[in-house]
Amino acid sequence: MLVGGSETLQGIDGERHLASWGGDEIDRVVVLCHSLREHVGLYGPFAEALVNSGAQVYALDQAGHGRSEGSPALIGDFEAGVDDQRLVLQLVRARHSDVPLVLLGHGTGATLAVRLAQHLQADLAALVLAAPLLGTVPGRHHDDPRLSIEPFHGRDLSRDPAVGGRFLSDPLVWHGEVPLCTAAALHGGLQAIGRGPRLRLPVLRLHG
């Protein structure tokens, strides 16, 4: 039987919404890191599929996303987002110390997941990266929150038009402009990853 849960965590600079899904028998825990503009509710059907395969699933609304506090889609400090996810992993490990822990990130959430894995890879059984933002980003980088990136239209989100339609009609998805300083923070995160330790745990990287 699928059981969903919701709780509030005190994050680095505000309250964060943590969702969870679980069943009767658990053989692993999966922690999901969502991408920019998204929220954890979008992952409900995927979480249900994971639960049906024996997983307990946790997913945190990042700062400024979904039901968590913060300015919409604003990433001022990349490492603060990593630290919020670290709190989730610490909570999960305390609750489920006897099963493997898998970290899964999508898009910019995969960038967070890689950086977190660099810090805590000894605690992880595997890392899964879906459409990860990795490598270097050319061009100038700005930290002025008044500058912004144009809204995302959702047309290229999926080959299934219904997926894009649900995304565009979801009130918890951020449909407005994204502060350009968010891109600068992500660039800083990519640089930190490049300077960080090499990952030595199993990694599955997915695109398409």
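Say we look at region 68-79 and pick out the residues that are touching a residue at least 60 places away in the same chain (Cβ under 8 Å) and assigned to a loop (DSSP other than H, G, I, E, B); which of these is surrounded by the fewest Cβ atoms within 10 Å (Cβ to Cβ)?
So the first thing to find is which residues in region 68-79 are touching a residue at least 60 places away in the same chain (Cβ under 8 Å), and the list is 71-79.
When the remaining residues are screened for being assigned to a loop (DSSP other than H, G, I, E, B), the result is 71-77.
Details: SER71: 12, PRO72: 14, ALA73: 23, LEU74: 16, ILE75: 26, GLY76: 18, ASP77: 14.
Looking at residues that are touching a residue at least 60 places away in the same chain (Cβ under 8 Å) and assigned to a loop (DSSP other than H, G, I, E, B), I get SER71.
All of LEU104, LEU120 fail the test of being within 14 Å of LEU199 (Cα to Cα) and either at pLDDT 95 or above or touching an Asp or Glu at 6+ places or on another chain (Cβ under 9 Å) (or both), apart from LEU120. Checked across region 133-151, the condition of being at pLDDT 95 or above, surrounded by fewer than 19 Cβ atoms within 10 Å (Cβ to Cβ) and closer than 23 Å to VAL30 by Cβ holds for no residue. In region 80-103, the residue that is surrounded by the fewest Cβ atoms within 10 Å (Cβ to Cβ) out of those that are of a type outside the set (D, E, K, R) and in contact with a Lys or Arg (Cβ under 7 Å, 6 or more places away or on another chain) is PRO100. Selection within region 152-208: residues that are exposed (fewer than 13 other Cβ atoms within 10 Å of the Cβ) and hydrophobic (A, V, I, L, M, F, W, C). The member of this set that is farthest from the chain's Cα centre (by Cα) is ALA162. Total residues in region 153-177 satisfying the condition of being hydroxyl-bearing (Ser, Thr, Tyr), modelled with pLDDT of 85 or more and not in a helix (DSSP H, G or I): the figure is 0.
Listed by first and then second residue, the pairs with beta-carbon distance under 8 Å, at least 6 apart or on different chains, first residue in region 178-197 and closer than 14 Å to GLY81 by Cα and modelled with pLDDT of 95 or more, second among the small types (Gly, Ala, Ser) and surrounded by fewer than 21 Cβ atoms within 10 Å (Cβ to Cβ), form an empty list. One residue stands out among those in region 108-132 that are in contact with a Lys or Arg (Cβ under 7 Å, 6 or more places away or on another chain) and surrounded by 24 or more Cβ atoms within 10 Å (Cβ to Cβ): the one that is nearest to VAL92 (Cα to Cα), which is LEU116.
The values are calculated or read from the model by the stated rules, or taken from the named source; none is laboratory data. Being a predicted model, the structure only gives us computed values, none of them experimental. Note that we place each Cβ from the backbone using ideal geometry, even for glycine, and neighbour counts take in every protein chain shown.
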